[in-house]
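Quick note: the coordinates plus some simple rules give every number you see, no bench work behind them. This is a predicted model, so every value here is computed, not measured. Don't worry about glycine lacking a Cβ; one is built from the backbone with ideal geometry, like all the others, and counts go over all protein chains shown.
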Amino acid sequence: MNRPGISAATTVVGVMGDPVAHSLSPLLHNTAFAALGLDWVSVGFAVPGGQAPAAVAGAQVLGIRGLSVTMPHKEAVVGLCDELSPSARRLAAVNCLSLASGRVVGHNTDGEGVTGALARGAGLEVAGRAAMVLGAGGAARAAVLALAGAGAAEVVVVNRTPWRAEAAAALAAGAGRVGTAADAASVAVVVQATPAGMAGTASSGDEPPVPGAALGPGQVALDLVYHPRRTSWLEAAAGAGATPVEGVGVLVHQAAAQLRVFTGQEPPVAAMWAAVSGGEGAAADP
Ligand code: NAP
């Protein structure tokens, strides 16, 4: 059956990953294309680990305009790029490929997801404020770089493996340092970027390195975990008086930034928000 609006002239983008069937990227991108009146479509491509070079080469031949990149390919595609954005180069990770004009350009919009969600979800501009990031993996590193880039006065990293915490804090240059849970009292925002509390995983019963209840009024709590959408960590932070921001907002804003990369147009963020509001998120993209 032919879907209305899709034809041989439709521009195709997609998300490549494994697993990919429950990714929310196509929903977010297709919502944006409809709102912008663009004859574009976004679909999922299940690409097993190790197959990124073939997938990207194939996408170029097929005229696919761009790809959102998720597990397990974020690092593997870096070496396939003709050009990297500054954040993709610093993070050595790519979550979005532009394939226009015969060139492969790698971007990383995860950090824009964090700052966008904080601004829209809590009205928080981080410039001049102290921030804390829990974890030191890919998502945490993107958060550290973005918070520093947005002018945070200090970015404190708390992680169970110290050398990884040091490496993540170094991304914030002079503003970054490794800290402990005791530092939480003096920051404006805590970004929870470990998988602790994520439903359906071995980490579901774990507690992040700083308890949500340790936060309080005047502080913002952002949990990157969004399954469940309102985590027990966020509940505890909200219960203690902090302003909670759900991780699904990060997903919306990183997808919005990808939309800008793909189309050059301003993303319809409100429509994208509406597309994911009112329900539990599907499986995580990252
Ligand atoms: P990752 O690269 O595997 O890094 C995980 C980090 O969390 C590591 O620093 C690890 O510590 C720490 N960690 C893992 N399990 C822990 C536990 N049980 N208790 C305390 N610390 C733990 O993962 P990632 O890609 O950064 O993703 C992290 C989470 O963010 C995932 O749940 C992911 O789904 C979510 N995420 C959400 C969005 C969004 O749009 N909302 C975007 C990106 C990621 P060690 O260094 O000691 O191993």
Would you work out the charge dipole size for the chain about its Cα centre, treating the Cβ of every Lys and Arg as +1 and the Cβ of every Asp and Glu as -1, and quote it to the nearest 20 debye? 300
Using alpha-carbon pairs under 8 Å, 6+ residues apart, how would you state the relative contact order of segment 1-130 in percent? 21
Overall Cα dimensions of segment 98-160, principal axis frame, Å, largest first: 42, 30, 18
Both in Å, the radius of gyration and Dmax of the C-alpha trace of segment 1-122 are 14.6, 45
If you take every DSSP beta bridge fully contained in segment 1-150, what fraction is antiparallel? Give it as a percent rounded to 5. 30
Helix 138-149 axis, angle to the chain major axis (alpha carbon atoms, nearest 10°): 80
Which percent of Cα pairs goes in each bin when the distances of segment 1-41 are cut into 5 angstrom slices starting at zero? 5, 22, 27, 22, 18, 5, 0
Only helices counted: for the chain, with every DSSP H run of 4 or more residues adding -39500 (n - 2.57) and the sum spread over all residues, [θ] at 222 nm is -10000 deg cm²/dmol
List, largest first, the extents of the alpha carbons of segment 129-286 along their principal axes, each in whole Å. 40, 32, 31
DSSP-defined beta bridges in the chain - what % are antiparallel, rounded to 5: 15
Comparing Gly17, Gly247, Gly174 in a Gaussian network model of the chain (Cα, 10 Å), the one with the largest mean-square fluctuation is Gly174
Segment 29-83 and segment 220-275: distance between their alpha carbon centers, rounded to Å: 22
Rounded to a whole number of µm²/s, how large is the Stokes-Einstein D of the chain at 10 °C and 1.306 mPa s, given Rh as the Kirkwood radius over C-alpha pairs? 83
Mean separation of Cα pairs under 8 Å and 6+ residues apart, divided by the residue count of segment 107-202: what relative contact order is that in percent? 30
Go from 0 up to the bin containing the longest alpha carbon distance in segment 25-87, width 10 Å each, and give me the % of pairs per bin. 18, 46, 32, 4
